Structures are given as structure tokens and as C-alpha cells.
1. Kindly indicate which of Glu267, Glu217 is away from the ligand (no atom under 11 Å from the Cβ), open to solvent by 50 Å² or more (accessible area, probe 1.4 Å) and more than 21 Å from Val125 (Cα to Cα).
2. Would region 377-387 turn up any residue that is outside the structural domain of Ser18 (by TED's automatic domain parsing), more than 18 Å from Gly181 (Cβ to Cβ), touching a residue at least 12 places away in the same chain (Cβ under 8 Å) and touching a Lys or Arg at 6+ places or on another chain (Cβ under 8 Å)?
3. Using the structure shown, decide if Asp112 is acidic (Asp, Glu) and within 16 Å of the ligand (Cβ to nearest atom).
4. Does Gly227 fit the bill of being touching a residue at least 60 places away in the same chain (Cβ under 8 Å), open to solvent by less than 50 Å² (accessible area, probe 1.4 Å) and not hydrophobic (A, V, I, L, M, F, W, C)?
5. Quick one: would you say Tyr149 is out of contact with any strand residue (DSSP E or B) (no Cβ under 7 Å at 6 or more places or on another chain) and hydroxyl-bearing (Ser, Thr, Tyr)?
6. Only one of these is at pLDDT 95 or above, open to solvent by 10 Å² or more (accessible area, probe 1.4 Å), touching a Ser or Thr at 6+ places or on another chain (Cβ under 7 Å) and not charged (D, E, K, R): Thr245, Thr252. Name it.
7. What residue, of Glu294, Glu342, is of a type in the set (Asp, Glu), at negative phi and not assigned by TED's automatic domain parsing to the domain that holds Glu210?
8. Within region 77-109, take every residue that is assigned to a loop (DSSP other than H, G, I, E, B) and either touching a helix residue (DSSP H, G or I) at 6+ places or on another chain (Cβ under 6 Å) or of a type in the set (D, E, K, R) (or both) and give me the one that is farthest from the ligand (Cβ to nearest atom).
Amino acid sequence: MPKLNENYLNLKASYLFSEIAHRTAAYKEANPEKGAQIIRLGIGDVTLPLGKVVIDALHEGVDAMATSETFKGYGPEQGYEATRNAIADYYKRNGVEVDPGDIFVSDGAKSDTGNITDLFGHDNVVLVPDPVYPVYVDTNIMAGNQVTYMAGNAENGFLPMPDKSQHADVIYLCSPNNPTGACYNKEQLKEWVDYALANEAVILFDSAYEAFITDPELPRSIFAVEGAKKCAIEFCSLSKTAGFTGTRCGYTVVPKELVFTASNGEEMSLNAMWNRRQCTKFNGTSYIVQKGAEVVFSDEGIKECQENINYYKRNAKVIADTMTKLGIRFFGGINSPYIWFECPNGMESWECFDYLLQNIQVVGTPGAGFGENGKNYFRLTSFGNYEKTVEAMERFEKLFK
Ligand code: PLP
């Protein structure tokens with residue numbers, strides 16, 4: 001009998017989305033007429049199709065596969081040079097210098113944020129915000145690591161800051177945040193960078209939602225902060241930037257400056273380790289997808305993606321404006337596709353879920369699914385249809401007025 005990775009026994013059952021589906025289906029069955037009126041504002045997936053520039057590039061990629069002169073087999077594990085250069089150029093336009101050699105193209109940020117635990121040992125102090133994108137927690141549990149939570153709450157604006165009296169080795173940060181929509185400013189990120197440098201820690205910075213930042217004062221990359229290349233890895237994704245949730249492409253920046261001393265005194269480069277990890281376990285992102293990804297970062301591609309983002313941001317504004325009007329405390333919604341609001345009337349998040357479903361047939365995501373500190377909060381997303389979002393918020397306003 002094989003010995004199993006019994007760390008899996010320590011995982012909490014992930015019932016959030018299945019429970020939402022179950023409760024929604026049960027309601028529909030019991031109330032077919034009202035069930036037909038359900039509006040879903042819970043999804044974290046995009047709904048608008050890919051833009052024409054991307055589609056044309058994907059077609060080009062497919063056509064290249066059709067003749068022996070242009071056919072591509074295995075590509076570089078790190079990504080094609082053209083894709084890495086396009087990403088470096090995108091950083092440059094946002095005021096950040098990144099060496100294309102530090103960029104690793106992948107099939108998305110979920111894989112990379114999950115696989116990064118391969119680079120670290122098991123006795124680290126791993127700091128994870130609560131509430132949080134559950135992948136950081138579960139992948140550490142699978143690896144047998146302990147996780148220390150940092151509380152996000154209304155007092156700190158769901159942006160936990162370093163506790164200088166506590167040591168950390170590995171720190172997960174996500175900004176703009178899923179699920180809270182909260183976004184660190186440059187001073188706050190500087191504090192994290194200084195803390196990480198003082199602790200010889202590494203920050204794992206997830207910027208999957210950076211394209212939703214419109215406030216020019218807010219950093220879209222941790223590398224906008226001085227010193228970050230000595231202490232941070234950045235994960236990003238084309239999922240929300242360009243609608244690639246089903247097409248799959250992301251990238252991770254592991255600066256060559258990230259060098260730590262092993263217990264035998266040898267210097268270990270995280271860039272070299274990640275390269276080795278990827279070359280061993282990953283065979284590269286498909287050529288076709290990378291053709292599409294490359295043009296996302298062209299002038300035309302950026303413009304086209306921005307149109308979709310603006311559509312979602314208009315939805316976010318409708319939701320945020322409704323919360324403001326009703327005096328409901330909320331976070332996010334401006335530089336983020338997520339609106340994280342405090343459940344009205346002292347409700348807990350699952351209670352709020354049922355209340356919204358039964359009274360106005362609006363489905364959202366209970367905050368409890370993202371951690372202990374989410375239990376009185378509720379997440380709505382802006383990835384839906386505009387007219388439906390408006391209607392959902394009209395119903396919401398009537399309910400809570
Ligand atoms: N990081 C965060 C914070 C997310 O919310 C998500 C998706 O919801 C991801 C990463 C996953 O991105 P990808 O689709 O690139 O795997």
C-alpha cells in the first residue's frame with residue numbers, strides 16, 4: 001500500500017461554490033417562477049468574449065501549426081522570447097523595469113501561486129491574509145506547512161500590515177485583493193518590502209487584478225517599490241486582464257536578485273530554482289495561446305482589453321454606488337472588480353446569502369468561504385451583464401431602503 005500524503009487530511013472541505021450551487025438549485029426547484037428571475041453576481045469568471053485582436057492572433061497561431069515550415073513543437077519552458085519581451089514592455093509602460101529573463105510564462109496564476117511552494121522548505125513562518133484567495137492556504141497545507149493568518153478587517157481596510165514584533169519567512173499578498181477588492185498603496189507596499197528585507201523574507205505578490213487599477217497613485221506591481229526585486233516574486237494573469245480564464249495564460253516574475261543562503265552555506269537563486277522546477281515539471285504554454293497573449297500587450301490589444309475592463313468597472317460602480325446610497329459599509333469596487341460589503345442588519349454571510357436569494361433572487365458569494373474574517377461580509381462581482389447588474393441593484397435598494 002502506498003504511503004499517502006496525509007497532509008490532504010488537513011484540508012478543509014471546499015464546499016463554497018458547491019454549496020452556493022446546491023442552495024440555488026434547491027431554491028429554483030421549490031420556486032420555479034422566482035427561480036427564473038435569479039441574477040448571479042457571485043461569479044469570479046469573466047463573461048465577455050475575447051477581443052478581435054486576440055482572436056486574430058490565436059487564428060494565426062493555429063494556421064502556423066498547419067504547415068511544416070511554421071509548425072511548432074515543444075517551446076521554451078519559460079515562454080517564447082516574443083511573449084516575454086511583450087510582458088516586459090507592458091511593465092515598462094507602467095513605469096516598472098523587469099528583465100524579460102526574469103519572466104516565466106505559464107498556463108495561469110493559479111498554477112504558479114500553487115506550485116511556488118516547491119521552492120520552500122517546511123519550517124517557514126508563512127503569513128497569509130484572512131480573508132484570502134484559498135489557493136495560498138490549501139497549497140501550503142498540501143505541502144505540510146503551517147500557516148499563520150494576518151487578520152484583514154474593517155479597521156485595517158482589509159489590508160493587513162506587517163507586525164514588526166513577529167518574524168516571517170514567506171508572505172502572501174494579493175492586491176487588488178480577491179475577495180475584498182482592497183488595494184495597497186505604495187507606502188503600504190514599501191512597509192511590506194522593508195519588513196521583508198529586514199526579515200530576509202520573500203513576498204509572494206499576486207497582482208492578478210492589476211489591470212483594474214485606474215488610480216495612477218496605486219502601484220500595479222510590487223516592483224514599483226524600491227528594493228522589491230530583492231524580496232518579491234510577482235504572479236500575474238491574463239485571465240482578468242484579457243478574458244483568458246478559459247484560454248489560460250499567466251506569468252510569474254522571479255528576479256535574479258532573489259538569492260538566499262542554504263543551510264550548507266551555498267547561495268541559492270530563486271530564479272534558477274524556479275527555472276529548474278518549471279523545466280522539470282512543465283513543458284511550456286502552448287504556442288497558439290502565447291500568440292494570443294503577445295498581442296494582449298500591444299497598443300491595440302491593451303485598448304481592446306481596456307474596453308472590456310471598463311464594462312466591468314461600470315458594473316462595479318453601479319454596485320458601489322448602491323452601497324453608498326444605502327449607507328452599507330463596503331470595500332473595493334473602484335480599482336477592483338470585487339465589492340466586499342458588510343452584511344446588513346448584523347447577518348452572517350450565509351444568512352445574507354439566503355436572504356438575498358429568497359427576497360430578491362440575487363446570488364453572491366458569502367465571505368465565510370474566504371476565511372474566518374469574512375463571516376460577516378459578502379462578495380459581489382462585476383463580471384456580469386450590465387443590465388442584469390442594474391436590475392439586481394434596483395432590487396437590492398428596494399430591499400434595504
Ligand atoms: N489569483 C487570484 C487572486 C485569483 O482570484 C485568481 C482567479 O480567480 C487567480 C489568481 C487565478 O488566475 P488564473 O486564471 O490565471 O489561474
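The values are calculated or read from the model by the stated rules, or taken from the named source; none is laboratory data. Computed from a predicted structure; not experimentally measured. Because the Cβ atoms are built from the backbone with ideal geometry, glycine has one as well, and the counts that use them run over all protein chains shown. Accessible surface areas use protein heavy atoms only, side chains included; no ligands, DNA or RNA. Shrake-Rupley method; radii C 1.70, N 1.55, O 1.52, S 1.80 Å.
1. Selected residue: Glu217, the only one of Glu267, Glu217 that is away from the ligand (no atom under 11 Å from the Cβ), open to solvent by 50 Å² or more (accessible area, probe 1.4 Å) and more than 21 Å from Val125 (Cα to Cα).
2. No, the conditions are met nowhere in region 377-387.
3. Here the answer is yes, as Asp112 does meet what is asked.
4. Spelling it out, it is not the case that Gly227 is touching a residue at least 60 places away in the same chain (Cβ under 8 Å), open to solvent by less than 50 Å² (accessible area, probe 1.4 Å) and not hydrophobic (A, V, I, L, M, F, W, C).
5. Answer is no for this residue.
6. Sole residue among the options that is at pLDDT 95 or above, open to solvent by 10 Å² or more (accessible area, probe 1.4 Å), touching a Ser or Thr at 6+ places or on another chain (Cβ under 7 Å) and not charged (D, E, K, R): Thr245.
7. After applying the criteria, what remains is Glu342.
8. Glu97
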